[in-house]
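Reviewing the structure listed below.
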Amino acid sequence: MPQVNHGCERVLINANLITLDPQRDGAYGVMERAALLIADGRIAAIRSMDEWPATTLNTDGIEVVDLAGQWISPGFVDCHTHLVFAGNRAAEFEQRLLGVPYETIARQGGGILSTVRATRQAEVEELVAAARPRLLALMREGVTTIEIKSGYGLTLEDEIKLLRAARQLTADMPVNVSLTLLAAHAIPPEFQGKADDYVDMICQTLIPLVSEEKLADAVDVFCEGIAFSPAQCERVFQAAQTHGLAIKGHTEQLSLLGGTELVARYQGWSADHVEYLDEAGVAAMAEAGTVSVLLPGAFYFLREKTLPPIELLRKYRVPMAVATDFNPGTSPLASIRLMMNMACTLFRLTPEESLRGVTQHAATALGRSGQLGMLREGMQADLLVWNIRHPAELAYEFGVSQPTLRFWKGRLSEH
Ligand code: NIG
Ligand code: FE
């Protein structure tokens, strides 16, 4: 490996770029034999090696790193996680394998609510300590941007505690963070039979406070028979819109309720899961520019049978992102590479679609499409260097290779 110092201005030469830039022709937007200049945390220039050393690149005093034919991809964006919580659900995993369905466990006060009980008892420091190894596992694989949802507190104080823990967890880490308020994740025990009153609290108190104190970028809801109805979700979206928070939804995961169309109607960033989505919902997403976030880990872990409507999503050109959905109940799987592989094997995405799913489209699902998710001049220099022969290897192989170098905002990252 070439020696790389810790300064932040450098040029990477003799690299093959997986740009994923739609303005470049060809699979993966590949540009072979390239030089990429990093300055001020951004990709300052991309040039062919034929122009190297080029008069157009002022490289005086800048470190030159010869990658000797290695490949560069954008950093991975994990656009859907529930990373911060206490306890785990291994006992529920056993129960499910003895035949009890996820929905039955949830209706009996287990599932999400068992994590809520553990999380309410935990202090911020404990939550941060529990989440750190999960984050580090994702970062080792090349995640440079992560979305983290609340949703295991379900009181004003506990939801804010989770958002603060997520902020603290990521504050000194080389990773971009996007925080999402998922207070409408489950009906809390003290509001059983009074879900509308809980939604009132979310809309009238929690969302205004979260917006005022800039504790989150977006809201999310679980629109499902075991959670919130489309009418209740719509009230959350209205409050979010009023208070300037973006909109996301867990929709059509276990049944078709119309949550996705609702997200689209509110110009949401993304509708996630979408296994049960129909053509009308897909068309609504296309019209609104809403990204579909596919979560093969939860599909696999729940042993679901209904596949997301991949062909329809392709036909209507709805961008497909892919994420871990890391959570204790349905996806305790901290690996974005595993998700890329599963998106191919379980959902029949191509390796290129799966790579775009964890970069380009995942960035759009977080409202960051102009800054992250591809290699283009002006974009943030979140880069991964790979010792591979073809970009398809990133989705094909799992558990073998890690990036040989990682850069976040142009800085070499040790994590
Ligand atoms: O994305 N669908 C709802 N939320 C999570 C599961 C949360 C849990 O079971 O703790 C999901 O699958
Ligand atoms: Fe989720």
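Would you please report the Å³ per residue occupied by the convex hull of the alpha carbon atoms in segment 44-135? Could you put the intermediate results ahead of the total?
Working: hull volume 19.0 nm³, N = 92.
Enclosed volume per residue, from the Cα hull, is 207 Å³.
Note the full-extension length gain between ARG411 and ARG348 as 0.36 nm times their separation in residues minus their Cα-Cα distance, in nm to one decimal. Intermediate values should be presented prior to the final figure.
On the way: separation 63, 0.36 × 63 = 22.68 nm, distance 3.53 nm.
Length gained between ARG411 and ARG348: 19.1 nm.
Using Cα pairs closer than 8 Å and at least 6 residues apart in sequence, work out the relative contact order for the chain, in percent. Write down the numbers at each step before the final one.
Working: 945 pairs, mean separation 80.2, N = 415.
19 percent.
With a point put 7 Å past each Cα toward its Cβ, work out how far THR205 is from GLU123 in nm, to one decimal.
2.5 nm
Lys pairs in segment 76-365, Cα-Cα under 20 Å, at least 8 apart or on separate chains: how many? If you can, show how the numbers build up before the last one.
Numbers: LYS149/LYS161; LYS149/LYS214; LYS149/LYS248; LYS161/LYS214; LYS214/LYS248.
Lysine pairs satisfying the spacing and distance rule in segment 76-365 number 5.
Per-residue counts of other Cβ atoms within 10 Å, averaged by peptide: what ranking do you get for 301-312, 213-224, 379-390, highest first? Working shown, then result.
Working: 301-312: 16.3, 213-224: 23.5, 379-390: 21.2.
Descending packing order for the listed peptides: 213-224, 379-390, 301-312.
Rounded to the nearest 20 debye, what is the charge dipole size of the chain about its Cα centre when +1 sits on each Lys and Arg Cβ and -1 on each Asp and Glu Cβ? Spell out each step's value before the answer.
On the way: 36 positive and 50 negative charges, 86 e Å.
I would put it at about 420 debye.
Could you calculate the contour length gain from ALA231 to THR404, that is, 0.36 nm times the residue separation minus the distance between their Cα atoms, to one decimal place in nm? Don't skip to the end; give the middle numbers.
Values: separation 173, 0.36 × 173 = 62.28 nm, distance 4.85 nm.
Answer, rounded to one decimal: 57.4 nm.
Subtract the Cα-Cα distance of THR242 and MET49 from 0.36 nm times their separation in residues, and report this length gain in nm to one decimal. List each step's numbers first, then the result.
Details: separation 193, 0.36 × 193 = 69.48 nm, distance 5.04 nm.
Taking THR242 through MET49 to full extension adds about 64.4 nm, to one decimal.
Kindly provide the helix-only [θ] at 222 nm of the chain, computed as the sum of -39,500 (n - 2.57) over DSSP H runs of four or more divided by all residues, to the nearest 500 deg cm²/dmol?
Taken over the chain, the calculation gives -9500 deg cm²/dmol.
Convert each backbone phi in segment 383-399 into a coupling constant with the Karplus relation 6.51 cos²θ - 1.76 cosθ + 1.60 (shift: θ = phi - 60°), then list the ³J(HN,Hα) values in order as whole Hz, x for Gly and Pro.
Karplus-based 3J(HN,Hα) across segment 383-399 equals 10, 10, 10, 10, 9, 10, 10, 8, x, 4, 4, 5, 8, 6, 9, 9, x Hz.
Report the label-to-label distance for GLU377 and ASP172 in nanometres (one decimal), using points 7 Å from each Cα along the Cα→Cβ vector.
In this crude spin-label approximation the distance works out to 3.8 nm.
List the residues, sorted by chain then number, that are 5 or more residues from ARG10 or on another chain and whose placed amide H is less than 5 Å from its amide H.
ILE38
Measuring from the lowest to the highest alpha carbon on each principal axis, how far does segment 76-365 reach, largest first, in angstroms?
Each principal axis gives a Cα extent; for segment 76-365 these are 44, 41, 38 Å.
Considering only the chain, what is the antiparallel percent among its DSSP beta bridges, to the nearest 5? Before the final figure, lay out each step's value.
On the way: 23 of 56 bridges.
Looking only at bridges with both residues in the chain, the antiparallel portion is about 40 percent.
How far apart, in nm, are the 7 Å Cα→Cβ label points at ASP66 and GLU32?
2.0 nm
Beta carbons within 10 angstrom, averaged per residue: use that to sort the peptides 246-253, 24-31, 200-207, highest first.
Numbers: 246-253: 29.0, 24-31: 15.8, 200-207: 18.5.
Top to bottom by mean Cβ count within 10 Å: 246-253, 200-207, 24-31.
With only alpha-carbon atoms in the gyration tensor, what are the semi-axes of the equivalent ellipsoid for segment 218-365, in Å, largest first?
Numbers: eigenvalues 102, 53, 42 Å².
One finds semi-axes of 23, 16, 14 Å for segment 218-365.
Please say if segment 285-415 is rounded, prolate or oblate, where rounded means a/c under 1.5 for a ≥ b ≥ c the square roots of the C-alpha gyration tensor eigenvalues, and otherwise the choice is prolate for a/b larger than b/c and oblate otherwise? Could you put the intermediate results ahead of the total?
Working: a/c = 1.72, a/b = 1.24, b/c = 1.39.
Because a/c hits 1.5 or more and a/b fails to exceed b/c, segment 285-415 counts as oblate.
How far is the Cα center of segment 108-143 from the Cα center of segment 383-397, in Å?
30 Å
Pull up all non-local amide H partners of HIS80: gap of 5 or more, or a different chain, and H-to-H distance under 5 Å with H placed in the peptide plane.
GLU147, THR324, ASP325
Read the figures in this text as sums done on the coordinates, not as results from a lab. Remember, it's a predicted structure, so these values are computed and weren't measured experimentally. All Cβ positions, even for glycine, are placed from backbone atoms using ideal geometry, and neighbour counts span all protein chains on display.
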